[in-house]
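The values are calculated or read from the model by the stated rules, or taken from the named source; none is laboratory data. Fair warning: this is a prediction, and the values are worked out from it, not measured in the lab. Neighbour counts are summed over all protein chains in view; Cβ atoms, including those assigned to glycine, are modelled from backbone coordinates with ideal geometry. We work out accessible area using only protein heavy atoms, side chains counted, and drop any ligands, DNA or RNA first. Shrake-Rupley method; radii C 1.70, N 1.55, O 1.52, S 1.80 Å.
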Amino acid sequence: MIREIQTQPFDDQKPGTSGLRKRVSVFERPNYAENFIQSIFVCAGTGEGKPLVVGGDGRYLNREVIAKVLAIAAGNGVEHVLLGQGGILSTPAASNLIRKYGAFGGIILSASHNPGGPEGDFGIKFNSANGGPANERLTGQIFEFSKSITTYRMAELDLPDIDQTGSFDLAGMRLEIIDPVADYAELMEEIFDFGAIRSLLASGFSFVFDAMHAVTGPYALEIFANRLGVDPKAIRNAVPQEDFGGGHPDPNLIHARWLAELMFDDDAPDFGAASDGDGDRNLILGKGIVVNPSDSLAILAANAHLAPRYRGGIAGIARSMPTSAAADRVAEGLGVPLYETPTGWKFFGNLLDEGRVTICGEESAGTGSDHVREKDGLWAILLWLNILAERRVSVQQIVADHWNRFGRNFYARHDFEGLEAEQAQALLIALQGSLPELRGRSIGGLVVTGAESFSYHDPVDGSVSENQGIIVRIDGDRRIVYRLSGTGTSGATLRMYLDRWENDALLFNEEPGAALAELALAGAEIAQIEKHTGRTVPSVIT
Ligand code: VG1
Ligand code: CO
């Protein structure tokens, strides 16, 4: 039986950089999730017989919201749902399923790197038929609809146990519960030379992976342990937990600290890696080295031809605007185009669909290719392993060779978290107003050569996205970027990104903090960070 349920709209269901993310307590409000899910079906349709992919990162509320998605899907006439067993699907695995089974879209339940549990965050994201995050037009429509919703349609379902696989008929909707890992693992085997990686791993090359109690555990066990022969003990924190073991499933040096420390021990493994809550990010480490994510993007692009899928070369590279310009030099070297897009994977979709680019990446530890339409943590790790299997040198050596060939981009992101939204807005407005007079100014000896607000003109669909961050260019291949985070769930986070290219090999081993000290001071001065926020130091540097 389908019921039409009266509801009141909420005014805050505007998706951010990656879906709608709010505190669990917000999603627990009566009708909050239901309204948003109904808005998705109204705006994105119900597929006319095509399947809908559903799954999440396993965090607190995952199962409850899956039940709501299924009931509202059936209530709206969705005929076929593919659900990951146990409600589990990593973001890239969901993207693959949408593409492979011709789904009209997917609903992914995740707040990615944000903490989980009853006091943590939850999120809902819609991906379109190409497997990628809904574009700005669709997310805008969903938000508009959510502001005036009055009813939603829900079927009364007798749900089976979702921890089993199988096919079920639910009030005219076919529910197929599938192994969340199998199709993804198969795709990875098609892309990479598993034989070469297996022989690298059998040659005494030591490997460790941290799944951070999040979604990649089962994927990592199947791929690294079962298919590539790694000792399962090297796959740490591999059981997804609703609260990620109380941590932030964010693979950086703060939240994956034990891994960073291990990699600097005397008997450190040769290779270490971690992924985030929903499996789309990656952190790469070697013995005695953390690979900066922007460098990792550039290195993967420069070496991708060593993996079977990319043997014929890559069509182009896209990076988000704040990501370092390291990839630009690779694109130049390879003679392929480089696209600069706003932050968030949704902006890469058109470029990938049109075959204009093969590799994409962001400074926030996200890298991916045209194999899916999301960033993909395990893919990046496997590409590194494939490259290492072919080159048989250390991670450190690969990075050093890269800098010698292309120069080094010293890079850091300074996050000022927990600001009041008004303070952060005031800072950006003042900064925006100062842009015309910034050019030519000298700040602490650094001369500003350009200052602009970043607008993106999508070359494929002609859409324009304005106010995507402020860029201040400094003499000598340096750049400072400012923008506000679009994934936080309380207050505002100001991100200041610092990028400095250096081509003098004698300076390559400088510590990034020191290499960027002058630029950081100038950055704080230009945006008047202390005046607006009272902060003199960032909350986190990544
Ligand atoms: C952050 C990152 C951005 C990434 C986004 C989603 O967004 O900076 O690069 O695409 O998170 O990543 P923001 O707006 O907070 O800067 V994921 O892995 O959390 O979905
Ligand atoms: Co993520």
### Query
What order, most packed first, do the peptides 162-171, 355-364 have when packing is the mean number of other Cβ atoms within 10 Å of each residue?
355-364, 162-171
### Query
Working out 0.36 nm times the residue gap between Asp477 and His457, then minus their Cα-Cα distance, what length gain in nm do you get to one decimal?
4.8 nm
### Query
Tell me which aspartates and glutamates have Cα within less than 15 Å of Lys147's Cα, excluding those fewer than 8 residues away on the same chain?
Asp11, Asp12, Glu34
### Message
My understanding is that a pair violates if its Cα-Cα distance is over 25 Å; which of Lys22/Lys346; Lys100/Lys233; Lys100/Lys346; Lys14/Lys531; Lys233/Lys287 do that in this structure?
### Response
Lys100/Lys233; Lys14/Lys531
## Note on the structure
Nearest-0.05 FRET efficiency for Asp163 and Asp231 at R0 = 30 Å, using Cβ-Cβ distance, is 0.65
### Message
Could you compute the net charge surrounding Leu351? Neighbours are other residues with a C-beta less than 10 Å from the C-beta of Leu351; K and R count +1, D and E count -1.
### Response
-3
### Message
Could you compute Rg(Cα) / (2.2 N^0.38 Å) for the stretch 184-406, with N its residue count?
### Response
0.94
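Would you mind getting the Kirkwood hydrodynamic radius of the stretch 1-118 from its Cα pairs, rounded to one decimal in Å?
After inverting the pairwise mean of 1/r, the radius is 14.7 Å.
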### Query
Put +1 on the Cβ of each Lys and Arg and -1 on the Cβ of each Asp and Glu in the stretch 184-406; which of Leu306, Asn292, Phe348 then has its Cα farthest toward the positive end of the dipole?
Leu306
### Dipole magnitude of the stretch 190-347 about its Cα centre (Cβ charges: Lys, Arg +1; Asp, Glu -1), debye to nearest 20
440 debye
### Task
Along Cα→Cβ, 7 Å out, is where each label goes; now give me the distance between the ones at Ala514 and Lys100 in nm to one decimal.
4.9 nm
### Task
Compute the Rg to Rh ratio over the chain from the alpha carbon atoms, using the Kirkwood formula for Rh, and round to two decimal places.
0.96
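Less than 14 Å Cβ to Cβ from Thr542, Lys/Arg counted +1 and Asp/Glu -1: what total charge do the surrounding residues give?
The answer is -4.
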#### Entry: Relative contact order of the stretch 408-541, pairs being alpha-carbon contacts under 8 Å that are 6 or more residues apart, as %
37 percent
### Query
With every protein chain present, what is the per residue accessible area of the chain (1.4 Å probe, Å²)?
37 Å²
### Query
Any idea how far apart Glu332 and Phe264 come out in nm if each label point goes 7 Å out from Cα toward Cβ?
3.2 nm
### Query
Can you give me the Cα centroid spacing of the stretch 366-432 and the stretch 442-502 in angstrom?
16 Å
### Query
Over the chain, what percent of the accessible surface lies on carbon and sulfur atoms, probe 1.4 Å?
47 percent
### Task
Report, for the chain, the % of DSSP beta bridges that are antiparallel, rounded to 5.
70 percent
### Message
Net charge within 15 Å of Val481 by Cβ-Cβ distance, Lys/Arg positive one each and Asp/Glu negative one each, not counting Val481 itself?
### Response
0
### Task
Compute the Cα gyration tensor for the stretch 400-500, then decide on rounded, prolate or oblate, letting a ≥ b ≥ c be the square roots of its eigenvalues: rounded whenever a/c is under 1.5, prolate when a/b is larger than b/c in the other cases, and oblate in all that remain.
rounded
### Query
Using 1/(1 + (r/R0)^6) with R0 = 30 angstrom and r between the beta carbons of Ala171 and Gln8, what's the FRET efficiency to the nearest 0.05?
0.70
### Message
Restricting to bridges with both residues inside the stretch 184-406, how much of the DSSP beta-bridge set is antiparallel, in percent to the nearest 5?
### Response
50 percent
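Report, in debye and to the nearest 20, how large the dipole of the chain comes out about its Cα centre when Lys and Arg carry +1 and Asp and Glu carry -1 on their Cβ.
Details: 47 positive and 71 negative charges, 123 e Å.
That gives the chain a dipole magnitude of about 600 debye.
Using 0.36 nm per residue of separation minus the Cα-Cα distance, give me the extension gain between Asp183 and Val393 in nm, one decimal.
Result: 72.5 nm gained on full extension.
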### Summary
So the FRET efficiency between Ala426 and Val464, C-beta based with R0 = 22 Å and rounded to 0.05, is 0.30
